[in-house]
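Step one of this worksheet: look at the structure below.
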Amino acid sequence: MSAVTGMTGSVDHAAGAHAAPGFLSRYVFSRDHKVIGIQFMFTTLLMLFVGGALALGIRWQLAYPWEPMPLLGNAFADEGGQIPPETYTMLLTMHGTIMVFLVIIPILAGGFGNLLIPLQIGAEDMAFPTLNMLSYWFMWPAIVFFMLAMHAGAAAGWTAYPVLAVLPQAAPGSGVAQTYWLLGVTLVGISSLMGAVNYMTTIINMRAPGMTLFRMPLTIWAMFITAILQAFALPMLTAAGLMQISDRTLGTCFFIPAGIIVNNADPTVGGGQPLLWQHLFWFYSHPAVYIMLLPVMGMVSDMLACMCRKPVFGYKPMIHSMGAIAGLGFIVWGHHMFISGMNPMLGMAFMISTILIALPSAVKTFNWIGTMWGGRLQFNTVMLNCVAFVSMFVVGGLSGIFMAAVPVDVFFHDTYFIVAHFHYVLFGATLFGVYGALHFWFPKMFGRMMSEFWGKIHFFITFIAFNLTFFPMHLLGMQGMPRRLADPYHYSYLEHLLPLNQVMTWAAIVMGFAQIILFLNFVISSFAGRKAGRNPWNANGLEWIAPSPPPHGNFDVTPVVYRGPYEYSAPDAPDGQDYWLQSDERGGQMAERH
Amino acid sequence: MEGRFWTLVFVIFAAAALAACAVAPAYQLWFPGSGEALSTIGARIDHLFYVILVVIAVVFVGVNVALGYVLWRGAKQPSEVKAVYSHGNQTLEVVWTVIPGVILLALALYQMDVWASFRMREFYPQDMRTIAEVTARQFEWRIRYAAPDKTLEADPHPDDVYTVNDLRVPVNRPVAISLRTEDVQHAFFVPELRIKQDALPGKRIPVWFEVTRPGTYDLVCAELCGWGHYKMKGRLVALSEEDYAAWLKQAFEDQFDDGVGEGEKSD
């Protein structure tokens with residue numbers, strides 16, 4: 001244990017023991033990592049509905065262009081529910097922004113990272129509990145700014161490419177909207193950065209005795225690698241965001257070339273370079289794709305091992321491939337820019353690195369299947385969502401090879417093929433993994449189980465509706481249907497796609513409503529679910545020796561770790577159980593097995 | 001029982017995905033138009049697409065068969081049978097790292113050639129001629145040609161010929177356009193030719209292609225450029241060499257026609 005815990009930890013708990021903390025400090029301005037994690041989860045689940053509602057607006061317009069949208073139409077638009085084109089571009093902008101910055105990144109790092117890191121490494125709390133609390137509360141100004149941006153009509157895409165994003169006259173309503181948007185991005189960046197610093201410090205310094213690096217669960221490895229990615233990639237986005245704010249408000253020209261005439265305004269004086277933004281943005285946002293995936297890869301490995309009652313197949317190759325993904329993740333950003341007009345030589349280099357990043361992903365997939373092979377499979381909600389994660393990740397991973405190959409990307413770039421690809425990764429893989437993780441660690445959050453029955457119903461509907469919504473997008477992309485068109489049927493070669501788009505929209509609506517099942521299951525189970533003991537899944541990580549839910553300070557006594565994280569079905573397991581808890585002192589120190 | 005049901009769900013998904021791709025061409029859900037790329041570079045892009053498609057189809061089937069097998073096996077296993085206690089297999093790890101690695105690297109290297117001929121100046125066709133300057137702006141395509149028998153210069157010339165949203169090119173000959181934008185970013189996209197290139201503010205980018213069949217094709221803006229992005233529609237008309245020359249001559253004459261009839265110009 002480090003000096004850090006020694007100081008902050010003991011002071012906290014001494015205070016906690018003497019005076020019961022009030023409601024505010026316990027549930028609102030809490031410094032307890034579990035409460036902060038749950039706060040992140042609630043907030044991001046709410047944002048999931050906001051982002052989802054925006055997606056339904058997009059889908060409605062693609063299925064019934066210019067027809068008034070029932071219910072939600074009135075929230076988006078002011079013309080009797082009809083979605084005008086500038087609202088449509090706002091919808092796609094804010095859908096992407098909210099899903100990336102306010103749902104997926106914070107639910108993984110902020111939600112599950114907070115909840116799991118101290119519990120799985122045997123620490124009392126994070127290294128910096130106050131910083132941790134701040135990282136949650138910095139989300140709120142970001143949310144406010146994003147909502148203001150939505151209201152003001154930010155409409156430059158979630159990538160905010162200059163010159164469209166920089167010059168206020170380039171888009172209706174963009175007077176302040178993009179500035180709000182940029183402030184929102186900067187603030188979520190600060191929130192993530194505070195989290196990342198905290199996670200790195202905690203994982204390096206506060207592991208329980210015996211928890212060597214190669215005894216850490218893969219979730220912790222994934223969170224660690226994610227934190228490194230965030231810490232080193234985010235400053236680039238923050239800097240770029242400040243540069244764009246200064247272009248918009250102070251009259252600098254980082255991203256504005258000379259002689260640009262927008263909307264009959266005077267030509268810009270310029271001298272800047274719009275491609276610079278694309279480089280800086282993707283230097284963060286490509287690693288961010290892995291920030292949105294790696295933690296789930298780790299959590300799914302943990303859950304699959306438990307539900308198959310088998311050690312993870314190839315624990316070290318799993319870690320190495322995550323490291324490889326993170327390392328290569330830093331040098332693949334240019335594949336978003338193959339046709340942007342950057343030096344074509346770079347296209348070749350970025351193609352090699354991008355195609356190679358498929359390799360560690362493939363290795364991980366093979367290892368997940370290896371983990372399931374010969375296991376005693378429990379087909380519960382957790383397992384189903386994890387298998388869906390693997391199955392959807394295979395689709396998303398393989399379709400990625402087309403766009404990594406730069407000549408083929410010339411055709412696919414900015415078509416619905418890309419939309420299909422990243423939804424298979426970010427929704428298909430990440431969100432199914434998150435659904436599994438919510439069910440799996442729910443008993444540790446609330447001391448109760450989520451309903452299996454409703455969990456399976458939710459999974460079944462979501463899985464089918466998801467594939468009906470997103471698989472046809474590959475085919476739309478094959479037809480060369482571009483993204484972000486308010487009315488694709490304006491083009492004769494796309495007219496015949498309308499019926500298919502209507503099917504997809506109805507599937508999306510069903511999928512949207514199915515998420516209400518999840519939300520209700522989550523909320524109702526938290527007070528009315530079946531009570532859970534300390535270790536309802538017979539799992540062997542440290543979090544399962546703490547009470548459910550663990551008190552402030554987590555463990556009864558500081559745990560000592562004797563073995564690796566996946567000793568399921570060990571032949572010498574103690575009587576009555578088929579696994580070794582990491583902290584079980586019986587059996588003594590086991591040799592490291594890989 | 002339940003396990004087998006869920007196994008089937010995943011297997012059926014994989015089978016349905018394959019089936020959807022297999023029947024897609026019959027429902028006009030494969031490559032646009034005739035399904036055949038109508039430019040030389042487009043045909044080579046399609047070829048690369050099919051090479052990758054074969055590789056990933058094999059991998060997709062393989063992985064899903066493996067996944068279906070382990071799930072099915074797990075589902076029918078009696079619950080008292082213990083799981084296999086294994087931490088992995090070094091040989092397998094090496095095999096499934098090295099083989100995909102080699103395949104992926106080969107795929108990457110195989111792409112280089114087409115990219116070089118599409119984008120690298122040194123590999124452009126020798127007899128390529130820049131025939132038009134295409135200027136994108138919110139939300140239209142402005143096109144400038146040199147007068148008949150003249151060459152296009154970077155700066156506009158008084159006898160240049162202009163069209164809007166109507167790009168005409170001769171077929172069976174490599175031609176280039178000089179792509180620029182007056183305001184924000186746009187992208188020049190002709191799906192049936194498989195050609196796409198962003199128009200970057202402050203830059204002038206050459207885009208070459210050789211159309212192989214006369215016809216009229218949609219010209220699409222593929223990069224978000226503002227509220228009217230969806231209606232930034234143009235067309236590319238590919239004409240035979242003679243038709244093109246005749247059209248250019250006619251366009252030139254129409255543009256510089258002062259509206260005064262031949263006979264009235266006597267003095």
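The values are calculated or read from the model by the stated rules, or taken from the named source; none is laboratory data. From a predicted model like this one, the values you see are computed outputs, not experimental measurements. Please note: Cβ atoms are built from the backbone with ideal geometry, for glycine as well, and neighbour counts cover all protein chains shown. Areas reflect the complete protein model, heavy atoms only, side chains present, ligands, DNA and RNA absent. Shrake-Rupley method; radii C 1.70, N 1.55, O 1.52, S 1.80 Å.
Of note:
- Within the option set A:MET348, A:MET372, A:MET337, being in contact (Cβ under 8 Å) with a residue 40 or more places away in the chain and within 18 Å of B:PHE10 (Cα to Cα) holds for one residue only, A:MET372.
- Scanning the stretch B:123-144 for residues that are modelled with pLDDT under 95 and hydroxyl-bearing (Ser, Thr, Tyr), we see that the one that is nearest to B:PHE189 (Cα to Cα) is B:THR130.
- The condition of being under 22 Å from the mean Cα position of the chain (by Cα) and either within 9 Å of another protein chain (Cβ to nearest Cβ) or farther than 18 Å from A:GLY298 by Cα (or both) holds for only one of A:ALA349, A:ALA358, that being A:ALA358.
- Selection within the stretch A:445-463 - at the interface with chain B (Cβ under 10 Å from one of its Cβ atoms), among the hydrophobic types (A, V, I, L, M, F, W, C) and in contact (Cβ under 8 Å) with a residue 24 or more places away in the chain: A:PHE459, A:PHE463
- Residue within the stretch B:207-229 that is more than 14 Å from every other protein chain (Cβ to nearest Cβ) and buried (at least 24 other Cβ atoms within 10 Å of the Cβ) present: yes
- A:LEU187 vs. criteria under 30 Å from B:GLY226 (Cβ atoms) and in the same structural domain as A:PHE101 (by TED's automatic domain parsing): yes
- Of all residues in the stretch A:317-346 being open to solvent by 20 Å² or more (accessible area, probe 1.4 Å) and either facing another protein chain (nearest Cβ under 8 Å) or out of contact with any helix residue (DSSP H, G or I) (no Cβ under 7 Å at 6 or more places or on another chain) (or both), the one that is farthest from A:GLN273 (Cα to Cα): A:PRO317
- Matching option when the condition is more than 25 Å from A:ASP414 (Cβ to Cβ) and crowded, with 18+ Cβ neighbours inside 10 Å, among B:ASP198, B:ASP160, B:ASP149: B:ASP160
- Among residues of the stretch A:89-111 that are outside the structural domain of A:LEU45 (by TED's automatic domain parsing) and part of a helix (DSSP H, G or I), none has a beta-carbon under 7 Å from a residue that is open to solvent by less than 10 Å² (accessible area, probe 1.4 Å) and modelled with pLDDT of 95 or more at least six positions away or on a different chain.
- Matching residues, the stretch A:396-409, being surrounded by 24 or more Cβ atoms within 10 Å (Cβ to Cβ) and within 7 Å of chain B (Cβ to nearest Cβ): A:ALA405, A:VAL406, A:PRO407, A:VAL408
- Selection count where residues are open to solvent by 50 Å² or more (accessible area, probe 1.4 Å), outside any loop (DSSP other than H, G, I, E, B) and free of Cβ contacts under 8 Å to residues at least 12 places away in the same chain, scope the stretch B:20-52: 7
- Restricting the stretch A:64-122 to residues that are open to solvent by 10 Å² or more (accessible area, probe 1.4 Å) and among the hydroxyl-bearing types (Ser, Thr, Tyr), the residue that is nearest to the other protein chains (Cβ to nearest Cβ): A:THR87
- Across the stretch B:72-88, the qualifying residues are those that are over 16 Å from A:ASP578 (Cα atoms) and within 7 Å of chain A (Cβ to nearest Cβ), and the one among them that is surrounded by the most Cβ atoms within 10 Å (Cβ to Cβ) is B:GLY74.
- Qualifying residue in the stretch A:464-486 (condition: open to solvent by 10 Å² or more (accessible area, probe 1.4 Å), over 24 Å from the mean Cα position of the chain (by Cα) and modelled with pLDDT under 95): no
- Which numbered condition B:ARG144 fails, given (1) open to solvent by 10 Å² or more (accessible area, probe 1.4 Å); (2) part of a strand (DSSP E or B); (3) of a type in the set (Lys, Arg): (1)
- Cβ pairs under 8 Å, 6+ apart, first in the stretch B:64-88 and under 18 Å from A:TYR568 (Cα atoms), second of a type in the set (Asp, Glu): B:LYS82/A:ASP578; B:ALA83/A:ASP578
- Filtered residue count, the stretch A:65-88, keeping only those that are of a type in the set (D, E, K, R), in a loop (DSSP other than H, G, I, E, B) and under 25 Å from A:PHE145 (Cβ atoms): 1
- One residue stands out among those in the stretch A:546-577 that are surrounded by 18 or more Cβ atoms within 10 Å (Cβ to Cβ) and over 29 Å from the mean Cα position of the chain (by Cα): the one that is farthest from the other protein chains (Cβ to nearest Cβ), which is A:PRO559.
- Within the stretch A:272-331, helices (runs of 4 or more DSSP H) holding 2 or more residues that are outside the structural domain of A:VAL185 (by TED's automatic domain parsing), farther than 22 Å from A:ALA239 by Cβ and not polar (S, T, N, Q): A:294-308, A:315-329
- Residue in the stretch A:293-302 that is within 13 Å of another protein chain (Cβ to nearest Cβ), touching a Leu at 6+ places or on another chain (Cβ under 6 Å), polar (S, T, N, Q) and under 30 Å from A:ASN114 (Cβ atoms) present: yes
- Single unsatisfied condition, B:PHE10 versus (1) at the interface with chain A (Cβ under 7 Å from one of its Cβ atoms); (2) modelled with pLDDT of 95 or more; (3) within 24 Å of A:PRO499 (Cβ to Cβ): (3)
- Remark: pairs (first residue in the stretch A:539-552, free of Cβ contacts under 8 Å to residues at least 40 places away in the same chain; second residue among the aliphatic types (A, V, I, L, M); Cβ separation under 9 Å; 6+ apart in sequence or on different chains) = A:ILE545/A:LEU581.
- Residue within the stretch B:133-141 that is crowded, with 18+ Cβ neighbours inside 10 Å, assigned by TED's automatic domain parsing to the domain that holds B:VAL190, touching a helix residue (DSSP H, G or I) at 6+ places or on another chain (Cβ under 8 Å) and of a type in the set (Ser, Thr, Tyr) present: no
- The stretch A:475-499 - residue that is farther than 19 Å from B:LEU193 by Cα and touching a residue at least 12 places away in the same chain (Cβ under 8 Å) and, of those, farthest from the other protein chains (Cβ to nearest Cβ): A:LEU498
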